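A short worksheet on the structure shown next.
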Amino acid sequence: MSTKPAYKRILLKLSGEALMGSSQFGISSEVMTFLANEIKGIVDAGVEVALVVGGGNIFRGEGLARGGMDRITGDHMGMLATVINGLAIQDAIERIGLQARVQSALRINEVCEDYIRRKAQRHLEKGRVVIFAAGTGNPFFTTDSAAALRAVEVSADLLLKATKVDGIYTADPKKDPKATKYSTLTYDQALDQRLSVMDQTALVLCRDNKMKLRVYDMDRPGALMKIVMGDDTIGTHVTV
Ligand code: GTP
């Protein structure tokens, strides 16, 4: 491994559930501090970092949709949940001395900036962490699709999807002891096998725009740094 980062600009997708830590709901301050420090490490190493965060730790639409709630209303509530998470991450990152900017795909100007691609790119060039909130701003799209879209829009060199397992497996490793990990996969394989790595919209967007994707375990301290420094043994690579 060299001392120079292998990637100039990355987009890191965090699920809302990842922010809960061991709780069943909400935002864990320990997780926020851990994440902020992992991110600071790579920013200090010269990597430009954009984030997309989900909202499942605050609001899950499926249950309410099953109970009869209008899907679009549920999706709007989910988007607002991602703004709450984005503000929490911005706060955690700024508390340890980095600059961060939340940009929302829904207009909430009193709270944060609007998503403006060129402005986001300037922030990244200045070493600020840009947190893209409110998904794509549209119902029916996941935050994985938002991550794929923003990664392509800001020309990220790598899309990183942080999960609770260290890559993509043939089956759920928590349920099936025979499950084995893929070290590499193509988007077409992931699509054909309907692997639950990301939804199909996100996978197709990445494939069609030749975005490199790595799925890795965010709970492992130092894994993020190793990846950006060129350690190709971590997680699963998904390529065209
Ligand atoms: P430069 O132009 O590179 O200096 O970037 P900057 O973000 O520091 O400058 P700007 O004057 O755009 O923003 C100053 C502060 O206001 C930053 O904390 C921004 O996040 C915040 N800000 C900018 N636009 C908005 C907005 O529409 N809504 C809210 N709530 N804050 C904003």
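The values are calculated or read from the model by the stated rules, or taken from the named source; none is laboratory data. All values derive from a computational prediction rather than experimental measurement. In this analysis, Cβ positions are derived from the backbone assuming ideal geometry, glycine residues included, and neighbour counts consider all displayed protein chains. What goes into the accessible areas is simple: the full protein's heavy atoms, side chains included, and nothing from ligands, DNA or RNA. Shrake-Rupley method; radii C 1.70, N 1.55, O 1.52, S 1.80 Å.
With respect to residue 61, determine if the residue is of a type in the set (Gly, Ala, Ser), open to solvent by 40 Å² or more (accessible area, probe 1.4 Å) and more than 17 Å from the chain's Cα centre (by Cα).
Criteria not met by residue 61.
Being of a type in the set (Phe, Trp, Tyr) and under 29 Å from residue 44 (Cβ atoms) narrows it down to one of 169, 216, 187, 182, so name that one.
Working: 169 fails: under 29 Å from residue 44 (Cβ atoms); 187 fails: under 29 Å from residue 44 (Cβ atoms); 182 fails: under 29 Å from residue 44 (Cβ atoms).
Exactly one of 169, 216, 187, 182 is of a type in the set (Phe, Trp, Tyr) and under 29 Å from residue 44 (Cβ atoms), namely 216.
Against the numbered list (1) in a strand (DSSP E or B); (2) more than 25 Å from residue 48 (Cα to Cα); (3) of a type outside the set (A, V, I, L, M), residue 214 comes up short only at (2).
Meeting the requirement of 2 or more residues that are exposed (fewer than 14 other Cβ atoms within 10 Å of the Cβ) and within 16 Å of the ligand (Cβ to nearest atom), the helices (runs of 4 or more DSSP H) wholly within region 99-197 are 117-125.
Scanning region 198-235 for residues that are within 21 Å of residue 153 (Cβ to Cβ) and open to solvent by 20 Å² or more (accessible area, probe 1.4 Å) yields a total of 10.
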